[in-house]
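The values are calculated or read from the model by the stated rules, or taken from the named source; none is laboratory data. It should be emphasised that the depicted structure is a prediction, and the values quoted were computed from it without experimental measurement. Here the Cβ positions follow ideal geometry from the backbone for every residue, glycine too, while neighbour counts run over all protein chains shown. All accessible areas refer to the heavy atoms of the entire protein, side chains included, with ligands and DNA or RNA removed. Shrake-Rupley method; radii C 1.70, N 1.55, O 1.52, S 1.80 Å.
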Amino acid sequence: MPPNHRTQGATLIVTLLLVMLLLAVIMSITAQVTLSTRRSSADQDATLRAQYAAESGAARVQARLRAAQTLISSARFATTTTIPQIEADVAALCGLSSLPAGLKVGDTVCTLSTRPQGLAEADPNNPRVNVLMRAVDAAAFAAVGLPNTTDAQRRQFWSEMFSGQTGVALNGSLEGATYAVTYGLRPQKVVKASANGYRLEFNVPDVKASAQASGAERRVTVRADQDTLNLLIQRPSLAPNALFTNHHYLSGESEGRGEGIYFTSRTLFSGPVHTNQHFNIVGQPWFGGAVTSAGCPAGQITTGPTGPTCAVAAVPGANLNGTFVSATTMSPNDQAPSRCNAGGTGCATPQFSQGVNWNAPYVQLPENGSDQQREALSGGVSIPGDVNELQLYQGTVNGQTVQRITYTVPGPSGPVTTQLALGQNGTLQLLDTDGQWKGAERQPDGSFKPGAASTFNGVLYVGGKVANLNAGPNGASGPAVTSFAGLTLAAAGDINITSSLRYADPPCSGQHVRNGDGSVTPAPCNNLDTRNILGIYSAQGNVNLMKDQMGTDPSIHAVLMAGTGAVRVDQYNQGPAMGTVNLVGGIIENYYGAFGTFSGDTATSGYGRNFVFDPRTLQGYEPPTSPPPATGRWP
């Protein structure tokens, strides 16, 4: 039978149609897959852009925090900044016109946690950040990559940085994505940390950033390493201390044997007292100022990369009646601890009139006089080697009251003496070889010759030791420092004091008196406008009180400091008792130097101590270029 061509044709057409239909289905499926892939790629791109944008917002906050950390770590108060100025700034930080009266160490000055806006204010001249404005200048901002900032810009930076829970919005965009992040450090409270220091406590919240891009949203959280930090606000100075000890022992040998120095009922301190170790207390010592202890155990002060430090964690507490008692277990509380011997006798009951902090920061003492040497060369009196004798006393030149400065040094042909006189106009005169007073012209090496009268910044630096420091003809009576003079004597080696050194116009007089009821009447300090002041600083030696030359009941009006040694009485345990050292000022020392020996309440050799703190140093008035602590910064 012949083939049916019409049927063949139909079959071909049907086959072609089926093939075309199959191809259409395949193409449709392929198109759908391609379109889905394109949609998936677009969503992924949006998600990535949102992720990058959120990370960018978080990084922006982190950059600000790093800048703030660097700025705060470099913060410094100018040497001309007074403590009343700092206290006014702290009051403004709290929103107060002045600080509350009667604050003790550990007291809360103000609570800031209830302010959702932190330190931020609508006022562009926000006074709450005055203290940060005072301590961080435009140069510091330039150093962190923010050059040429104005006062208004720096004030805005600090207001935003401490803007609390409300925070400040740091929104932006990146490659078509937008991010949002709100951030602010959260101030909690201000606490009185020391005699002239205040601590701002604040929380560091996590950084939370969100971002959107084409419907995609991403969130990024950066956790804070520490959720609570402190900002210590104080003028770095050691002068405002009635007593400061690095080691609360006579010497390294005594520390090794555990032979501590004890505060007893005879101990009466009217100003701030600090030790980097632990206090040893028996009886009822009286402390009229703030008391702080860093709690470093005996034998644990070592030299680290940045100088002396405590090698172990601090152990807050004190030795009461020979037994160590931690601050957390003190009874009835750590502000009024009491510990008695068996039977309730022989109680250790210290009196802390201005509070006590048993967990204070470790404070490094300076160990060189480089600052004083520099100042002496530029505007003071610089002596490169040892000094045989240095006399400071009030005298008269051409009918005018002057501050006499006379020093004798070894010379190739015998001792060489230089006689200078400081006038009330702040310039120096020199006694020439012809017996006439002429202008003292300072030479590059620190010496003087007759010529134009040089100004004097009050600093004397000795590159060696001072074998004999005295008040010249005024040693027995009369002033060593005239009413208008402010002096600092710094030496690399020992300084031996051989006579009384008195102010012409002292700020305080008399002595502290223990009353019959156990209370104490402090020595009166009613002359706080007086300007005469003296600082004596041995960087690498001791400040020695030479009792055999000083005689009975000497008076020392000065802030005494020994960076690596001690302020001590020479031969303190030999010979008879010679009365009391009447100090108006303060003592800062590496080791607690001995003054005398006692049997019960009776002195058997050396001197007793009548230490009257000079309260002017708490107001920022102190000897010129007074050595600051080596850690004099904001932690």
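Below, the figures for the structure above:
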| item | result |
| --- | --- |
| The range 396-408, residues that are open to solvent by 10 Å² or more (accessible area, probe 1.4 Å), touching a residue at least 24 places away in the same chain (Cβ under 8 Å), out of contact with any Ser or Thr (no Cβ under 6 Å at 6 or more places or on another chain) and not polar (S, T, N, Q) | Arg404 |
| Within the range 575-620, considering residues that are open to solvent by 20 Å² or more (accessible area, probe 1.4 Å) and within 20 Å of Ala290 (Cβ to Cβ), the one modelled with the highest pLDDT | Pro615 |
| Among the candidates Leu17, Leu65, residue that is at pLDDT 50 or above and either charged (D, E, K, R) or assigned to a helix (DSSP H, G or I) (or both) | Leu65 |
| Residue match in the range 369-389 (condition: closer than 19 Å to Ile588 by Cα, open to solvent by less than 60 Å² (accessible area, probe 1.4 Å) and assigned to a loop (DSSP other than H, G, I, E, B)) | yes |
| Any hit, the range 470-484, residues being within 20 Å of Gly541 (Cα to Cα), open to solvent by less than 30 Å² (accessible area, probe 1.4 Å) and modelled with pLDDT of 95 or more | yes |
| The range 281-312, residues that are within 24 Å of Thr323 (Cβ to Cβ) and open to solvent by less than 10 Å² (accessible area, probe 1.4 Å) | Ile281, Pro285, Phe287, Val291, Ser293, Ala294, Gly295, Cys296 |
| First in the range 344-365 and at positive phi, second anywhere and of a type in the set (Val, Ile, Thr), Cβ under 8 Å, 6 or more apart | Gly346/Val282; Gly355/Val105; Gly355/Val291 |
| The listed residue being more than 30 Å from the chain's Cα centre (by Cα) and crowded, with 23+ Cβ neighbours inside 10 Å, out of Pro627, Pro623, Pro554 | Pro554 |
| Neighbours by Cβ (under 7 Å, 6+ apart or cross-chain): first from the range 146-174, more than 23 Å from Glu201 (Cβ to Cβ); second loosely packed, with under 14 Cβ neighbours inside 10 Å and not charged (D, E, K, R) | Ala152/Pro124 |
| The range 80-126, residues that are in a loop (DSSP other than H, G, I, E, B), farther than 30 Å from Thr182 by Cβ and charged (D, E, K, R) | Lys104, Asp107 |
| Every residue from the range 239-264 that is of a type in the set (Gly, Ala, Ser) and outside any strand (DSSP E or B) | Ala239, Ala242, Ser251, Gly252, Ser254, Gly256, Gly258 |
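Residues are listed down the side, and each one gets a yes or a no for (1) more than 21 Å from Leu99 (Cβ to Cβ); (2) assigned to a strand (DSSP E or B):
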site: Gln188; (1), (2): no, yes
site: Pro205; (1), (2): yes, no
site: Ala209; (1), (2): yes, yes
site: Asn230; (1), (2): no, yes
site: Ser237; (1), (2): no, no
site: Arg266; (1), (2): yes, no
